[in-house]
Amino acid sequence: MKWGRVPAISCGIALLLLTGCAPAPGSSPSPTSTDRKGDGTGITQPGLTVENAKRIAQRVENDIVTTFPEGSVNTVDRKTDGILLRCSADRTYSWTGRTTVELTPNTEPKSVIEKITTAYEGDEDLVPEDITNEDVPGVQLNGPHGSGYVVVGRRPGEVTIDMYSPCFVLPDDRSSSARY
């Protein structure tokens, strides 16, 4: 598989990621957005650094690609760096990145999305949610500590994976506007 650069995260995806991490104004946080496991640790993963958050997100992204139907992947282009998005107040952020998977001829994005959804049914750490919109198949895998993986087939022959890591507290000496 080929690993390389892909276009930057669009403003629409960034907005989706922001709303995925934080509760809507005026609402109280739901158990799934703040404490997915119910263990009282809250939205942040204790002791997590930005570098480890990135590694976690990219490892899960690799795991997602392994669930694609056998012989369906032509190339995998991973954006090597990403940006931080705020999860909540108090310097709590999530690392975000994108991977684009070019599918082999005759592989439909819908069949890939269905396979991913089936692979994660019953998973306690990554809970699939159907986000199919009209003719655009998609699934969001909601993970612990505000993490998530949005897998969408917007174009024939291609699937994108927009990932956001578990939330973590960024130290005061690190910039939230830097690329990581």
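Evaluate region 44-66: report whether one residue or more is on the phi < 0 side of the Ramachandran plot, surrounded by 12 or more Cβ atoms within 10 Å (Cβ to Cβ), at pLDDT below 95 and not charged (D, E, K, R). Yes. Cβ-Cβ contacts under 6 Å between residues 6 or more apart (or on different chains), taken from a first residue in region 117-128 that is over 14 Å from residue 147 (Cβ atoms) to a second residue that is surrounded by 13 or more Cβ atoms within 10 Å (Cβ to Cβ), are listed as 117/128; 117/139; 119/67.
Would you say residue 111 is in a loop (DSSP other than H, G, I, E, B) and out of contact with any Lys or Arg (no Cβ under 8 Å at 6 or more places or on another chain)? Steps first, answer last, please.
Values: in a loop (DSSP other than H, G, I, E, B): no; out of contact with any Lys or Arg (no Cβ under 8 Å at 6 or more places or on another chain): yes.
Answer is no for this residue.
Among the residues of region 146-180, those identified as touching a Leu at 6+ places or on another chain (Cβ under 9 Å), surrounded by fewer than 23 Cβ atoms within 10 Å (Cβ to Cβ), under 20 Å from residue 79 (Cα atoms) and aliphatic (A, V, I, L, M) are 150, 178.
So which residues in region 93-108 are of a type outside the set (Ser, Thr, Tyr) and in a loop (DSSP other than H, G, I, E, B)?
Result: 105, 106, 108.
In region 71-80, which residue that is modelled with pLDDT of 95 or more and in a loop (DSSP other than H, G, I, E, B) is farthest from residue 141 (Cα to Cα)?
Our first condition is that a residue be modelled with pLDDT of 95 or more; within region 71-80, this holds for 71-78.
Next cut, in a loop (DSSP other than H, G, I, E, B) only: 71-72.
Working: 71: 23, 72: 20 Å.
The qualifying residue farthest from residue 141 (Cα to Cα) is 71.
Can you find, within region 114-152, the residue that is nearest to residue 93 (Cα to Cα) among those that are charged (D, E, K, R) and not in a strand (DSSP E or B)? Residue satisfying both the conditions and the ranking: 125. Taking (1) out of contact with any Lys or Arg (no Cβ under 7 Å at 6 or more places or on another chain); (2) crowded, with 21+ Cβ neighbours inside 10 Å in turn, residue 89 satisfies each apart from (2).
The values are calculated or read from the model by the stated rules, or taken from the named source; none is laboratory data. What you see is a predicted model; the values in this text were computed from it and never measured. Methodologically, a virtual Cβ is constructed for each residue, glycine included, from the backbone with ideal geometry; neighbour enumeration extends over all protein chains shown.
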